[in-house]
Amino acid sequence: MIIVMGLPGAGKSTILQKASTTNYVILNYGTLMFQVAEKQKLVKNRDEMRKLEPEQQKNIQRMVVDEIKKHGKNVILDTHCSIKTPKGYLPGLPYYILKELDVEKLVYVTAEPHELIERRKNDPTRVRDPDTEESILEHDTINRTLLATYAALTGATINIIINRAGKLDDSVKQLEQLLT
Amino acid sequence: MIIVMGLPGAGKSTILQKASTTNYVILNYGTLMFQVAEKQKLVKNRDEMRKLEPEQQKNIQRMVVDEIKKHGKNVILDTHCSIKTPKGYLPGLPYYILKELDVEKLVYVTAEPHELIERRKNDPTRVRDPDTEESILEHDTINRTLLATYAALTGATINIIINRAGKLDDSVKQLEQLLT
Amino acid sequence: MIIVMGLPGAGKSTILQKASTTNYVILNYGTLMFQVAEKQKLVKNRDEMRKLEPEQQKNIQRMVVDEIKKHGKNVILDTHCSIKTPKGYLPGLPYYILKELDVEKLVYVTAEPHELIERRKNDPTRVRDPDTEESILEHDTINRTLLATYAALTGATINIIINRAGKLDDSVKQLEQLLT
């Protein structure tokens, strides 16, 4: 299994759409989380997911893992390194989740903070809190640290894709090289 | 359980004293460590704690965990992310300790290095080694990395409070929001 | 056991050769890895080690651990924090390896990126990919993060030796202080 993570707005989902991912099933962790949470009447839209209590998030995570494992080996899991909630950064892949998964590669998609701010402004599909460059840097640093921790816990490799403005094709190629 | 950690001199204990912490028992890990070590005639004052051999520190840690668990659920644990010893940085919450505790939130109190140096100079209650801005930055970076690792291991949220000079009230409010 | 890690070219092996390491057996993880891989006809020279598939690396790692454990307690393990492969950074000491070892101290030898580039150029014994200052910084940051993670997982202390140009003796002394 390959896990692809990213800062919100860094372009992770776009890269995954553009990349040739034949032989892989792409699962979006957030979508699976939302489907479970919606079924349980905990939320009405995806942005409300970030407002959930940590304990609720954890229960949903456990159900999602069972769903993922049904798909077998050639899975790309599209997820967050951490989720920014009003009660702090919640690790997206805590050890009790990670140890259930057989992870081979960890990919983190990030971008320059000032480019991220622009992209988030121009994204009409999501209701977002405004972010400063400082708060984005804090989130990015925490994500990179979690990335290395996830690698130490699983033995999976660490790959960082810096998705620069106007260089989407380079990012797509970087991902595709990891899929062969 | 909420674990509040900090760089020495960053103001963690002051913030804990000023915050409304009704419904919580505040336990100071260092004090518990000292009480155990003193009882075992290993040290005479708190500053000698940092000179203990790693193996001695570990044995004391294990005894302190048993003490903490007696207090049940609504506990704020006041501790260090890592302890700077002559033989290196000792992680304050190694995995063999963490997995015994049910941690919901991790809070790290830090400060700008130059402000920290000033505060440490003006603290007459402790005998301290002089620190440079570079060595404080190294300690802070290691602490932030350990913080994220503790979160990945437990699933607890990560919260960073930067306690700025003259902004103690903001830091207190930031902590109080995590207690509700 | 003491584990000494470093960025390639930072001078880790030189420091280990110059240091008084009486009472310790020094084991080179890379050499043990190479011996196992060569015996299995997977590689012909040491530089090919970095081109191995992650799964192959993992199998060799497990065999090497068994070899290390035969040497008992006073061991200095000379290894990498992570190995840079075409498929990403492979953690040198994933948790499934670390939990088999009784680690007391973790030492990381690093250097200023521009000094590292010079040293790598002047090292005729190895075939190396050219590295930029940016890619060295990325590797160094990942290594420092992994270092702290290894410490949190084992409870071992963290020690960072910055091996500066012309200051080899200082680095040697810093290591020797950890051996007493």
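Mind scanning C:K12/C:K69; A:K41/A:K87; B:K70/B:K173; B:K18/C:K99; C:K87/C:K121 and naming the pairs with a C-alpha gap bigger than 32 Å?
Checking Cα-Cα distances, B:K18/C:K99 exceed 32 Å.
Measuring nothing but label to label, 7 Å from Cα along Cα→Cβ, what are C:D47's distances to the other copies in nm, shortest first?
5.4, 5.4
From the backbone phi of region B:87-99, what are the Karplus-calculated ³J(HN,Hα) couplings (6.51 cos²θ - 1.76 cosθ + 1.60, θ = phi - 60°) in whole Hz, Gly and Pro given as x?
9, x, 7, 9, x, x, 10, x, 4, 5, 8, 3, 5
Please find the FRET efficiency linking C:K167 to C:D123, where r is the Cβ-Cβ separation and R0 is fixed at 25 Å, and quote it to the nearest 0.05. Walk me through the intermediate numbers first.
Values: r = 19 Å, r/R0 = 0.75.
Once rounded, the FRET efficiency stands at 0.85.
Set the Förster radius R0 to 35 Å, insert the Cβ-Cβ distance between B:N74 and A:D102 as r into 1/(1 + (r/R0)^6), and round the FRET efficiency to 0.05.
0.40
Calculate how many DSSP beta bridges within chain A are antiparallel, expressed in % of all such bridges and rounded to the nearest 5. Don't skip to the end; give the middle numbers.
Working: 4 of 23 bridges.
If I count the DSSP bridges inside chain A, around 15 percent turn out antiparallel.
Please arrange A:S13, A:S171 by how many other C-beta atoms lie within 10 Å of their C-beta, fewest to most. Please report the intermediate quantities before stating the final value.
Details: A:S13 15, A:S171 22.
By the 10 Å Cβ count, ascending, the order reads A:S13, A:S171.
Which far-off residues, 5 or more places away or on another chain, put their amide H under 5 Å from the one on C:I26, with H placed in the peptide plane?
Excluding prolines and chain starts, which carry no amide H, the hits are C:I76.
First obtain the Kirkwood hydrodynamic radius of region B:88-172 from its Cα pairs, then insert it into the Stokes-Einstein equation at 25 °C and 0.890 mPa s, and state the resulting D in µm² per second as a whole number. Mind showing how you got there, number by number?
Working: Rh = 14.5 Å.
Estimated diffusion coefficient is 169 µm²/s.
Inside 10 Å of the C-beta atoms of B:133-146, what's the mean count of C-beta atoms belonging to other chains?
For this peptide, the per-residue mean of nearby foreign Cβ atoms is 4.
Take C:N45 and B:I26, extend 7 Å from each Cα along the Cα→Cβ direction, and tell me the distance between the two endpoints in nm.
Modelled inter-label distance: 6.3 nm.
Need one value for B:9-18: mean number of C-beta atoms belonging to other chains within 10 Å of its residues' C-beta atoms. If you can, show how the numbers build up before the last one.
On the way: counts 0, 0, 0, 0, 0, 0, 0, 0, 0, 0.
The per-residue average across the peptide is 0.
Helix hunt in chain C: which complete DSSP H runs extend at least 27 Å axially by C-alpha with mean Kyte-Doolittle at least -0.5? Could you put the intermediate results ahead of the total?
Details: long enough: C:133-154 (31 Å, -0.02).
TM-like helix candidates: C:133-154.
Specify the residue with the greatest mean-square fluctuation among B:T31, B:T110, B:T79, computed from a Gaussian network of chain B linking alpha-carbon atoms under 10 Å apart.
Of B:T31, B:T110, B:T79, the Gaussian network model singles out B:T31 as fluctuating most.
Compute the normalised compactness of region C:32-156: alpha-carbon radius of gyration over 2.2 N^0.38 Å, N being the residue count. Intermediate values should be presented prior to the final figure.
Working: Rg = 15.2 Å, N = 125, 2.2 N^0.38 = 13.8 Å.
Rounded to two decimals, the normalised Rg is 1.10.
Would you order B:L42, C:L175 from fewest to most other beta-carbon atoms within 10 Å of each residue's own beta-carbon? Walk me through the numbers on the way to the answer.
Working: B:L42 17, C:L175 24.
Lowest count first: B:L42, C:L175.
What's log10 of I(q)/I(0) for region A:64-127 at q = 0.15, 0.25, 0.29 Å⁻¹, Debye sum over Cα points only, no solvent?
-0.68, -1.19, -1.35
Could you put C:T132, B:T157 in order, starting from the residue whose Cβ has the fewest other Cβ atoms within 10 Å? Working shown, then result.
Details: C:T132 10, B:T157 25.
Placing the least packed residue first, the sequence is C:T132, B:T157.
Per residue of B:62-73, what is the mean number of Cβ atoms on other protein chains within 10 angstrom of that residue's Cβ?
Numbers: counts 0, 0, 0, 0, 0, 0, 0, 0, 0, 0, 0, 0.
If you average over the peptide's residues, the count of other-chain Cβ atoms is 0.
FYI, it's all coordinate maths here, none of it is from the lab. This one's a predicted model, so the numbers in the text were calculated from it and none came from an experiment. FYI the Cβ positions are ideal-geometry reconstructions off the backbone, even for glycines, and counts take in every protein chain you see.
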